[in-house]
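Only one structure is covered here, and it is reproduced in the block below.
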Amino acid sequence: MIRQTMAAHSSSHPAQELSESSQNDAQSESMSSYTPTERRNILTGAIVLMIFATGGLAMYISDYNQAVHMDSFQDSSSHKHSSRRQIRRQTFALVSDIDDDTYPDIADILRPMHPDYLVLGGDINYAGDPPYIGVSSNFPAYAENKNIIFAFGNHDFESGIDAYANFFEISPGMSYGGIEVESKYYYTRITGEVQWFVLCSQGYYCGDDEKGMKEGGQQAAWLDRVLAESRANTDIKFRFVVNHWSPLSTLGYCCDGDCDYRLHWFPFVENGVDAIFSGHDHAYQRLSVPKSSDGEVSVNGHDYTLNGWEGLTMVVTGTGKNNPGRAEGSCSDHTGFSSYNKYDEDDDARGVIIATLSQYANGDALEFLYIATDGRVLDMFSVLNTGHLQNTWNHGEPVEP
């Protein structure tokens, strides 16, 4: 496995300079009330905000991949565009599969960054008592104001759909962000220029087998309809799917032949979806299907057919577990798609993704960072929308078998 860490590489790196100056800051009265973990994460937040605010992202990318820079990129006509940032529109965080004892570490990272909302991809309640106590105790403002986008996972199933629906206050017929909710298990929500489509693909956990994400089923018909409505809405610039079970990875479940094939038949790309975020595996991985794909992929000898996934990005966000424990089930044998970064061991597999939507002179960009709970930035990627180009800008070279 190639492990690429975007940490300081030289004595002159801004991150190291900030780290050195922070030693003095930590002794000051204003910082004395914070624990070492909180001071570390405040520093991490300052570094990330500095990157976002000053356009210094290119510096990190040049460390990460010399061939890629965010200070310019090309549209389909090969015309270069200036990418000077004009305004930050929103910030959000993504994580799933959160243990009770990992919640405080995630909260420590998020506290100095002040994301506008959270995206929790399932298994966020391991039979807690009361249900979802980890969310309400560690993210109280988000829970109270309902600034959480949430998916239903197999461990959430242990407490029942009613506990889930009651906590998040979602039920069929209600208006959720101006859009009528059809099911407790799946829904859509608009946050500014971003629209989220939350699925519950596995019928056993989603009411019954007929309510999963099957071709010709109720959930599929709903998704087809709301995506068509979304494409007609010119205010929507980005569309993301959240589903607890991962449709593709080189992590434990897929390596055992249990990729979530229930999503494979749906043509996400032609319906305007930019990426799928999932959990279930207790690790981080970023993958993409090439635009030239014929749809045939394999993982560890298990074959699958993807219908209309050309150019799609997938990210596994199951980074909230205190005992990842699935690295031994990972594999490297795969064909038909690219794996950019995979973190499935110990501290590398625990963290949170922070995403910031910013406006540039030529369009919009969503920039994602994966930050481990010890403050290291381990991965970054962007999704761009210039009006001419809607594409994932993958920082780093694919790690091929």
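The values are calculated or read from the model by the stated rules, or taken from the named source; none is laboratory data. Quick caveat, the model's predicted, so the values are computed rather than measured. Positions of Cβ are generated from backbone atoms using ideal geometry, with glycine treated the same way; all protein chains shown enter the neighbour counts.
Restricting the range 345-364 to residues that are at pLDDT 90 or above and in a strand (DSSP E or B), which is farthest from residue 271 (Cα to Cα)?
Among residues in the range 345-364 that are at pLDDT 90 or above and in a strand (DSSP E or B), the one farthest from residue 271 (Cα to Cα) is 351.
Go through 137, 230, 183, 159 for me and flag whichever is under 24 Å from residue 351 (Cα atoms), surrounded by fewer than 21 Cβ atoms within 10 Å (Cβ to Cβ) and among the hydroxyl-bearing types (Ser, Thr, Tyr).
137
Answer with yes or no whether residue 246 is touching a residue at least 60 places away in the same chain (Cβ under 8 Å), in a loop (DSSP other than H, G, I, E, B) and under 17 Å from the mean Cα position of the chain (by Cα).
yes
State all residues of the range 281-339 that are part of a strand (DSSP E or B) and under 30 Å from residue 134 (Cα atoms); if no residue qualifies, say none.
Within the range 281-339, 284, 285, 286, 287, 313, 314, 315, 316, 317 meet the criteria.
Would you point out the residue of the range 231-243, among those that are under 20 Å from the mean Cα position of the chain (by Cα) and not in a loop (DSSP other than H, G, I, E, B), that is nearest to residue 185 (Cα to Cα)?
242
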